[in-house]
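Here's the structure we're looking at; comments come further down.
The values are calculated or read from the model by the stated rules, or taken from the named source; none is laboratory data. As the structure is a computational prediction, the values presented were derived from the model and not from experiment. Neighbour counts are summed over all protein chains in view; Cβ atoms, including those assigned to glycine, are modelled from backbone coordinates with ideal geometry. Side chains are part of the model used for accessible areas, which takes the heavy atoms of the whole protein and leaves out ligands, DNA and RNA. Shrake-Rupley method; radii C 1.70, N 1.55, O 1.52, S 1.80 Å.
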Amino acid sequence: MRTFNFIFASLFVLTRLAFADDTRTVTGRVLDEHGQSVAGAAIDYYWRANGPAKHKDGKPLDPEINKEDNKLFWANEGQMAPCRDVTSDAEGRFSIEMSDRFYTLMAMDKSRTHGGLTYVSKQDSDGIEIRLHPLVRITGSFEGPEPGSRPDFTYIEASVPEDETRPLDNNHLAGCGSLQAKFSISLPPGRYTLAMRDDHELPERELTLTANQPEVDLGVLHLLPKSRLNINEKIKLSQTSGAMGDYKKHFGEILPRWHIVDARGISKDAQLSDFKGKWILINFWALNCSVCLRHDLPELAKFYEDHKAQRDRFEILSICIDCDERLKSIADVDRELAPIVKYTWNDKPLRFPVLLDPSMTTLERFGVPGYFTILVDPDGKLVEGDETVLAKKLEK
């Protein structure tokens, strides 16, 4: 049995929900189909379809350490439970601390037979209304990737339709893990997408649930062989093979040539040696890195603006890494960035040069194991530090 899968899925759910986002207090009421208050309804923006992550005595399960807790954590497929203990009062009113990264709230009554969800905009946090309707139960099982085989762990997640005006926000609503290769999730009528969230592949499936069909059995879903590795898996393989070293061992040395196929703001044939005499911040990022797009690049954009009087002494070079090798040009990068620039960056595109490496090549050559920032001194040598260190250098 692959313990890695248990830990991965556990961390995926728990860490994501504990992500240090901004939160806000959202208040509202839960009403039934006739507009009457519903007391004792549970409200949350992410739900487990494996029951409460607690023992009967209320003590939290510890699935990462305790083997029996792991089994309990992924048992009870189909038992809907919120990840936070928030319930409506006698008048149906509730108050919940909600992550700004999520934009829907789902409520269910005590019996978990009726539920409803509502969209929560960034502007409206008070007076939210959630109406309950009979829930629809979705069930199914998994087979594969080999014919007749059954995976020893699966995790499937239900999501609401994406909101194009919130490209970096989270549309995931509920997930069901299983040691038995099966799933069961109850949701209000509406449109959803089902997708695997562990190391198995399954084409995303769109569903429209209606109140006149309370049970939807999807039968046996056939998993596909994993066709792509994620960035962390590729880095680990590269390190194991020796292709990727450790950049920290090369402080004081000149970095090798990078691999760039296109660029904006500088020539695509430029190399680091062209910037000798300036401090250089090199930031590695990717279009599927939410932290990069939400935090790192905006922070670097602010640094660039705050130090515009000193730009003759430094430059920021942002290298977009595409390990899936889908992007061919900066035009492809800009097309993917367009909704982020418009809705997340307030129509402010990046002012510093953007370079594209649609491979792992530059990461391997530099020995950089992921998406972060490194610093090169005016002599073209790698030094320890980031924009914080550079800010101090520019003060001198």
*Being of a type outside the set (A, V, I, L, M, F, W, C), farther than 26 Å from residue 168 by Cα and open to solvent by 20 Å² or more (accessible area, probe 1.4 Å) narrows it down to one of 342, 392, 328, 348, so name that one.*
392
*Number of positions in region 182-192 that are over 18 Å from residue 217 (Cβ atoms) and either not basic (Lys, Arg) or not in a strand (DSSP E or B) (or both)*: 2
*What number of residues within region 308-325 are among the aliphatic types (A, V, I, L, M) and open to solvent by 30 Å² or more (accessible area, probe 1.4 Å)?*
1
*asked:* Need the failing condition index for residue 235 against (1) open to solvent by 50 Å² or more (accessible area, probe 1.4 Å); (2) more than 22 Å from residue 104 (Cβ to Cβ); (3) among the β-branched types (Val, Ile, Thr); (4) touching a Pro at 6+ places or on another chain (Cβ under 9 Å), just the number.
replied: (1)
*Return a yes/no flag: does region 87-99 have any residue that is part of a loop (DSSP other than H, G, I, E, B) and surrounded by 21 or more Cβ atoms within 10 Å (Cβ to Cβ).*
yes
*Quick one: how many residues across region 196-216 are assigned to a strand (DSSP E or B) and farther than 17 Å from residue 143 by Cβ?*
6
_Condition broken by residue 293, with the remaining ones in (1) over 18 Å from the mean Cα position of the chain (by Cα); (2) closer than 27 Å to residue 389 by Cβ; (3) open to solvent by less than 20 Å² (accessible area, probe 1.4 Å) satisfied_ = (1)
*Qualifying position, being of a type in the set (A, V, I, L, M), under 30 Å from residue 28 (Cα atoms) and surrounded by 14 or more Cβ atoms within 10 Å (Cβ to Cβ), among 202, 132*: 132
_Counted residues, region 251-283 - those being within 21 Å of residue 377 (Cβ to Cβ), open to solvent by less than 60 Å² (accessible area, probe 1.4 Å) and outside any loop (DSSP other than H, G, I, E, B)_ = 7
*Show the residue pairs that are 6+ apart or on different chains and have beta-carbon atoms under 9 Å apart, the first residue being within region 34-56 and farther than 23 Å from residue 185 by Cβ, the second being among the charged types (D, E, K, R) and open to solvent by 30 Å² or more (accessible area, probe 1.4 Å).*
35/131; 37/29; 37/89; 37/91; 37/93; 39/89; 39/91; 39/110
_strands (runs of 3 or more DSSP E) contained in region 117-180 and holding at least 2 residues without any contact (Cβ under 8 Å) to a residue 60 or more places away in the chain and within 19 Å of the chain's Cα centre (by Cα)_ = 154-159
_Inter-residue pairs, beta-carbon under 7 Å, first free of Cβ contacts under 8 Å to residues at least 24 places away in the same chain and in region 57-74, second assigned to a loop (DSSP other than H, G, I, E, B) and not hydroxyl-bearing (Ser, Thr, Tyr), 6+ apart_ = 60/53; 61/53; 61/55; 69/61; 69/62; 69/63; 72/61
*Residues in region 360-389 that are surrounded by fewer than 16 Cβ atoms within 10 Å (Cβ to Cβ) and of a type in the set (Gly, Ala, Ser): how many?*
1
